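What follows is one structure encoded as structure tokens, with my remarks underneath.
Read-outs throughout are calculated quantities, based only on the coordinates presented, and are distinct from any laboratory measurement. Everything numeric in this text was worked out from a predicted model, so none of it was measured. Backbone-built Cβ (ideal geometry, glycine too); neighbour counts: all protein chains shown.
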Amino acid sequence: MLLVDDDILLHQLLEVYLCEHHYHLDWLCCGEDMDEFLQHQTPDLILLDIMLPGKDGLHWLSWLKNNHNHIPVMLLSAKKSAEERLQGLEFGAEDYLTKPFHPKELLIRIRNIMRRSPQPHEHGIYRIGNNLFDLVHEQLERDNKLIKLTTQESSLLQFLCQHAGQILTRDSISHAINGNEHQPLNRSIDMTINRLRKKLGEDTASPRHLCTVWRKGYRLTLAP
């Protein structure tokens, strides 16, 4: 998830709160930085402030809908103008939230948008960059070629896909694929992650989709 807002205190608050609910939050302080960011990452949702330095949020909402129409956008604003809210919705925003707001209200609205938004895994097919993973048949394909997965790799990739965008701890991964708690000295999950990165064609030094979240676990981003 991406927050575009020049309020650093809001960013710090939401980063902690959303992380507690298994969402990862990236942050930009102005809309001008979005183009470069979106060349490398595709967030599940963009939280976009209207009163940004430089060009305002409505300008960037229009730009997003012209260039990244598949990414849902929620507008944030300290203004309570009905005209501004209607304009934002007309431009294609999925929702509009007036500041100040309760973090739980934001979380509820995020979850509602996620339920409504088209998912990139219709019929059990997940797109991960140039890869297609068929969850039903447990097949990974890239450039019309099947990539062989071990049972452990397939189970892990299924779990990651089903919880895409969320930070998954090693404990949650171990419970899902092994049925037990993760042992700190056991490196099998990390090794399986590294093998999956190679099979997904990732740059293992700087992975784009299967990322390590420092001191927390791993996160899979479904993106072009």
Response to the item:
One finds, for T98 and W63 with R0 = 22 angstrom and r their Cβ-Cβ distance, a FRET efficiency to the nearest 0.05 of 0.45
Worksheet entry | Global size of the range 37-189 as Cα Rg and Dmax, reported in angstrom | 19.6, 58
Worksheet item: For the cross-link pairs K65/K198; K55/K99; K55/K80; K80/K104; K79/K104, which exceed 31 Å when the distance is taken from alpha carbon to alpha carbon?
Response: K65/K198
Item to complete: Please give every one of the lysines within straight-line cross-link reach of K199, meaning a C-alpha to C-alpha distance under 27 Å, and leave out same-chain neighbours fewer than 8 residues apart.
Response: K145, K148, K216
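Output the antiparallel fraction of DSSP beta bridges having both residues in the chain, as a percent to the nearest 5. Spell out each step's value before the answer.
Details: 16 of 30 bridges.
Among the beta bridges of the chain, antiparallel pairing accounts for roughly 55 percent.
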Practice prompt. Of the options V4, Y17, P100, report the single residue whose Cα projects farthest towards the positive end of the charge dipole of the range 1-143 (beta-carbon charges: Lys, Arg +1; Asp, Glu -1).
Written response: P100
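Suppose every Lys and Arg Cβ carries +1 and every Asp and Glu Cβ carries -1, with no other charges. What dipole size does the chain come out with about its Cα centre, to the nearest 20 debye? Display every interim value, and only then the final one.
Values: 25 positive and 30 negative charges, 142 e Å.
Magnitude of the dipole: close to 680 debye.
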Fill in: Rounded to the nearest 20 debye, dipole of the range 8-49 from Cβ charges on Lys, Arg, Asp, Glu
160
Worksheet item: Taking the Cα centre of the chain as the origin and placing charges on Cβ (Lys, Arg +1; Asp, Glu -1), which of S155, G129, I193 is farthest toward the positive end of the dipole?
Response: S155
Fill in: Mean Cα-pair separation over length for the chain, i.e. relative contact order, pairs under 8 Å, 6 or more apart, %
16
